[in-house]
Amino acid sequence: MKFYISTAGVKRVTISGDMSPGMKGKGATTPTNRRISIRTVLPVVIVLGIVLPFLFVRIAFLALESATACSSSPDCMGWRFFGGSDTSLLREELSRALVEASEAGEGDVSGIETSYESFNDLVKDMTTGRQDIRAFAFNTKAMLLKMEHKVQSARQRESIFWHLASHGVPKSLHCLCLKLAEEYAVNAMARSRLPSPETVSRLTDPSFHHLVLLTDNVLAASVVISSTIQNSANPEKLVFHVVTDKKTYTPMHAWFAINSIESAVVEVKGLHQYDWSQEVNVGVKEMLEIHRLIWSHYYNNLKEDDFRYEGEHVRKLEALSPSCLSLMNHLRIYIPELFPDLNKIVFLDDDVVVQHDLSSLWEMDLNGKVVGAVNSSCGDDCCLGRKYEDYFNFSNPIISSKFDNDRCGWLYGMNVFDLQEWRSTNITKTYHQWLKLNLNSGLGLWHPGVLPPALIAFEDHVHPIDPSWHVAGLGYRFPEVNQEILETAAVIHFSGPAKPWLEIGFPEVRGLWSRHVNFSNKFIRKCRIMR
């Protein structure tokens, strides 16, 4: 065999083979020349250069992957390498395991002992081949259930702590009362007569606009009065009647005596200064005792319950606020007896802020009704506030047979009362009758609070007024009130646990209240009232 290489450039290679002597002659084949062009070799080399690294990486990957899922790597690679169905089969197997885990009961899954501190540990254990896909799915669900229980427990504790915080009296408010009581003892001006002798006649004059506050919170009362005067078109026509308990009387009197208001009249009166009849005294004591028993009943039941952060338990927790035991709150049903010489008043809670003039409320025609109130109804099956089902126990036939659970309640906290019309009804008597019925029925007709029995007692005696007069709920979590509605409301009400003078008050709305606090006052500064 001979090789001939052309010197004119390497363009071709010629290979020729000589015939052996034995093949010469008839039947012998002629010499053959085989030529391989470089144009044919080059594409083959390029293709192999691309394919071979890919095949190497693919084989290495499959070998590693097979080690965790198969007992025999070659067997696994055989069907994975050519079929490419490893992903779909793995997905199907994982889907089946997840469905099986999701359909398993919580008791079946909660029994699984999960020692994993994190999901990463679980994944690491899975990838090292210590557990199959089914075990992985069940362990994942067990971990999720464990985390859900932790979150639920944390929410429960947070809710309880939040409501406990609403029960306390801030150190600053306690300080304010002590400082004012001391001032009342040493300063003759703090003991000066309220109102001044020349304005006493206004206290019963029906031509003036009378406003009533029942409160034991000095700072809150000052905000209500200052905001009302500031936004009144005729502040000289306003007469404020502040009723408080015996322990708060001296600081309340001292505050309004020292910070006298020239444009309006303020009367401060303590409950110990009233000379009620024996019948009223007995009725008040009986009312307070029944409310205390209702509160204790729900408090003890809540302690025994497996508390969960759900609507029913949260409503019970909210109902166990200090206001449910407050004498000042419950006395509003006795307003006609508190003010026998008045015919028409506007009642304000101590956790409200007045933003617009209220003069037209005294001119409002209640059409023979006793109370003018904002009804929380906003149409069919719609309530801006709470429904009867939030106040009453409709599992009791006494309640379910007389009331509709979807009915919207009306708002207490800014109301117009026609006291003359009230005195001609049996509202207060009906209130007491239902209190006794609740007592005889095991204290389970309604949740604690002043509003549920009032909703019954004032049945058919409520005149609805425009919703812009009163916007409530600013003391509940995440108050969803439109900014425009807040600005146009005549009265905004911080009903709920998060009062603006507490640290748990919402900063988003606290400014609407704190802007009426006189932070330059020496007592406010000394006691470091929170802005």
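Name the single residue that is nearest to LEU348 (Cα to Cα) among those in region 198-209 being without any contact (Cβ under 8 Å) to a residue 60 or more places away in the chain and either among the small types (Gly, Ala, Ser) or open to solvent by less than 90 Å² (accessible area, probe 1.4 Å) (or both).
Out of the qualifying residues, it is PHE208.
Output the residues belonging to region 387-430 that are in contact with a helix residue (DSSP H, G or I) (Cβ under 9 Å, 6 or more places away or on another chain) and of a type in the set (D, E, K, R).
ASP390, LYS402, ASP404, ASP406, ARG407, ARG423, LYS429, listed by residue number.
For region 357-372, what are the residues that are of a type outside the set (D, E, K, R) and surrounded by fewer than 17 Cβ atoms within 10 Å (Cβ to Cβ)?
SER359, SER360, MET364, ASN367, GLY368
Restricting to region 146-192, what's the tally of residues that are more than 24 Å from VAL223 (Cβ to Cβ) and part of a helix (DSSP H, G or I)?
So the answer is 19.
Just checking, which of PRO507, PRO448 is modelled with pLDDT under 95 and open to solvent by 20 Å² or more (accessible area, probe 1.4 Å)?
PRO507
Looking only at region 146-184, which residues are over 22 Å from TRP501 (Cα atoms) and either free of Cβ contacts under 8 Å to residues at least 60 places away in the same chain or open to solvent by 90 Å² or more (accessible area, probe 1.4 Å) (or both)?
Once the filter is applied, which keeps residues that are over 22 Å from TRP501 (Cα atoms) and either free of Cβ contacts under 8 Å to residues at least 60 places away in the same chain or open to solvent by 90 Å² or more (accessible area, probe 1.4 Å) (or both), region 146-184 yields LYS146, MET147, GLU148, HIS149, LYS150, VAL151, SER153, ALA154, ARG155, ARG157, GLU182.
If I go through region 210-231 residue by residue, how many of them are touching a residue at least 60 places away in the same chain (Cβ under 8 Å) and either of a type outside the set (Ser, Thr, Tyr) or in contact with a Leu (Cβ under 6 Å, 6 or more places away or on another chain) (or both)?
Total meeting the criteria: 14.
Report whether or not VAL517 is over 22 Å from TYR334 (Cα atoms) and more than 25 Å from the chain's Cα centre (by Cα).
Against the criterion (over 22 Å from TYR334 (Cα atoms) and more than 25 Å from the chain's Cα centre (by Cα)), VAL517 qualifies.
The values are calculated or read from the model by the stated rules, or taken from the named source; none is laboratory data. Source: prediction; values computed, not measured. Every residue, glycine among them, receives a Cβ derived from its backbone with ideal geometry; neighbour counts consider all protein chains shown. For the accessible areas, the whole protein counts, side chains as well, though only heavy atoms, and no ligand, DNA or RNA atoms are used. Shrake-Rupley method; radii C 1.70, N 1.55, O 1.52, S 1.80 Å.
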